[in-house]
1. How high is the FRET efficiency from D95 to Q135, r the C-beta distance, R0 41 Å, rounded to 0.05?
2. Based on the alpha-carbon set only, what is the convex hull volume of region 56-100 divided per residue, in Å³?
3. Listed highest first by mean packing, meaning other Cβ atoms within 10 Å per residue, what order do 79-89, 96-106 come in?
4. Set the Förster radius R0 to 45 Å, insert the Cβ-Cβ distance between R155 and K50 as r into 1/(1 + (r/R0)^6), and round the FRET efficiency to 0.05.
5. How big is the charge dipole of region 108-150 about its Cα centre, in debye rounded to the nearest 20, if each Lys and Arg gets +1 on its Cβ and each Asp and Glu gets -1 on its Cβ?
6. Want the number for A83 to T126: 0.36 nm per residue separation, take away the alpha-carbon distance, what's left?
7. Ranking F48, F123 by Cβ neighbours within 10 Å, fewest first, what do you get?
Amino acid sequence: MLADVRGPGNRTGFHARPAPAHGGAVGGPGVESRFSTVIPQSRPMIRFLKTGISAERDAADLAQVRQTVEAILADIAQRGDEAVRAYSRKFDHWDPPSFKLSDAEVQACIRAMSAREVDDIRFAQTQIRSFAQIQRDALRDVEVETLPGVILGHRNIPVNRPSIAHRREQYSPIAQADRRVRRYGHLKATAHR
């Protein structure tokens, strides 16, 4: 066992005994080595530099996050774009005249990227668009008479207030938004009653 013995003259934190001149236990005769064995010390080697939070603390933190997000969403539902602008200033320190980019700003963003980055984004958009179209084509109303007088089915009903269904997906925010818009032709709609 190695012991942590950091102190003056010992930057490695380990106490070691020099090897015998003949090479000893480390490499045999004729093989030189700076250290042959490490001397165990009385203090234990394991030290925790950082520990995780307790399950109770984790649950409390998640509850606080949920409460904060719900308050922000309620504020946005009530005040609309005015609230979005306020949160943009608060969290991102960004308050442009318009959140919609002009054609010139879009072109400036594209020019700032390398050709490889532009090609990668185009490739991703093509893949996303193709699969989204397949999914969209699968959204069909179904109605079938399984027995005389027994009609079963489902309908796809648009809603008035769309929102993003967020799952912990491992995509960049741009890819997430693009994926959702491509899939549904707009942001995924969930019913709010």
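1. Calculated transfer efficiency: 0.65.
2. Each residue corresponds to 73 Å³ of Cα convex hull volume.
3. With the highest mean Cβ count within 10 Å placed first, the list reads 79-89, 96-106.
4. 0.25
5. Dipole magnitude for region 108-150 comes out near 360 debye.
6. Values: separation 43, 0.36 × 43 = 15.48 nm, distance 3.39 nm.
Full extension of this stretch gives 12.1 nm more.
7. Values: F48 6, F123 10.
Lowest to highest Cβ neighbour count: F48, F123.
Where a number appears in this text, it was derived from the coordinates with a stated rule and is not lab data. Quantities reported herein were computed from a predicted structural model and do not represent experimental measurements. Don't worry about glycine lacking a Cβ; one is built from the backbone with ideal geometry, like all the others, and counts go over all protein chains shown.
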